[in-house]
Amino acid sequence: MNCTRCQTNMHKNGTRDGKQRWKCGSCGYEKQESKRVSNSPIIIDSGNVLVLSDLHLPFEHRNALSFVCKVRDKYKCDVIIGIGDFFDFHAINFHEHNPDGYSSGQELDEATIKVQKWIKEFPSIYQIEGNHGALPFRRAKSHGLSRRLMRSYNEVFGLPDEWIWSDWYEKDGVRYEHGDGRRGKYAYVNWAADNMQSTVTGHSHSTAGISYRASNKQLYFGMGVGCLIDRHSYAMEYGKKNARKPILSCGVVLDNGRLPILETMYIF
Ligand SMILES: [Zn+2]
Ligand SMILES: [Zn+2]
């Protein structure tokens, strides 16, 4: 394994919690075996939640980071959940690519540079993969390659071990998932209805909101958190003629899962 800081070969340095640790003999950087995406639910304990909407690095909105930092500070959020599609991987998607855009390698370089600022502000994030985020693994699968042959996001982008990845999370009875697999303006509340529990989703860039459903016994909300993309970037060209433009926003969940809040950014 190469050091993510100086690219020197790292040596094994014992284990912790059953995970192999590595140390760089050159710069001293230490890291632990990265967690891969798991299908098992991860239950998060306490704290106010900030939900990062789809960012699609390196094609995120120029004010995305400062905006979410302000929201985090305003509501004193100490649990950060990335709702998916943190990375875009435009160059390897299954649709048309812009021939004048970055190559796959250039896009990785660009995203690796940009993610450093996010690591600084958010040293730990519960990340969900998303359909765009999963593109390297979807590509590999389409060519018959096992996921075990692939490097983790943490290795590729030099992310801290505290950025963990799962398909979904649950906190205070609220479910957090990307939301691919459903379309339409009521998608976010339909997720909640079908899950029969309050649910927060991303994925649909041009819908955002909070809506409630109730049964005889319980009340639950669905919140769609919009996105924080740069809609003028070439990677987002496909949405150029859509009547509905992306809604730039992020979510907050307070009061032990009872109070969802959508914060919108009034800059385009
Ligand atoms: Zn997205
Ligand atoms: Zn998506």
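Positive end of the dipole of the chain (Cβ unit charges, origin at the Cα centre): among LEU228, GLY14, GLY239, the Cα lying farthest that way belongs to GLY14. Rounded to the nearest 20, the size of the Cβ-charge dipole of the chain about its Cα centre is 220 debye, with Lys and Arg at +1 and Asp and Glu at -1.
Using equal-weight Cα scatterers in the Debye expression, the normalised intensity of the stretch 206-268 in log10 at q = 0.21, 0.26 Å⁻¹ is -0.85, -1.09. Under the criterion of Cα pairs below 8 Å and six or more residues apart, the relative contact order for the chain equals 20 percent. Comparing Cα centroids, the stretch 75-100 and the stretch 135-188 end up 10 angstrom apart. Taking Lys and Arg as +1 and Asp and Glu as -1, the other residues whose beta-carbon sits under 10 Å from that of ARG231 total 0. With a cut-off of 11 Å between beta carbons, the residues surrounding ALA111 carry a summed charge of -4, where Lys and Arg count +1 and Asp and Glu -1. Within the same chain, lysines fewer than 8 places from LYS171 are excluded, and of the rest, those with a Cα less than 19 Å from its Cα are LYS76. Computed over neighbours whose Cβ is under 12 Å from that of ALA192, the net charge equals +1, Lys and Arg +1, Asp and Glu -1.
From its DSSP helices (H runs of at least four residues, each -39,500 (n - 2.57)), the chain gives a residue-normalised ellipticity at 222 nm of -5500 deg cm²/dmol. When the chain is treated as a GNM with alpha-carbon contacts under 10 Å, the residue of GLY101, GLY84, GLY158 showing the greatest mean-square fluctuation is GLY101. In terms of other Cβ atoms within 10 Å, THR15, THR207 run from fewest to most in the order THR15, THR207.
Here's the picture: charge each Lys and Arg Cβ at +1 and each Asp and Glu Cβ at -1 in the stretch 147-244, and of VAL189, TRP168, MET150 the one pushed furthest to the positive end of that dipole is VAL189. Compactness ratio for the stretch 35-264: Cα radius of gyration over 2.2 N^0.38 Å (N = residue count) comes to 0.97.
Values quoted throughout were computed directly from the atomic coordinates according to the rules given, and no laboratory measurement underlies them. Owing to the predicted nature of the structure, the values given are computational and were not obtained by experimental measurement. Don't worry about glycine lacking a Cβ; one is built from the backbone with ideal geometry, like all the others, and counts go over all protein chains shown.
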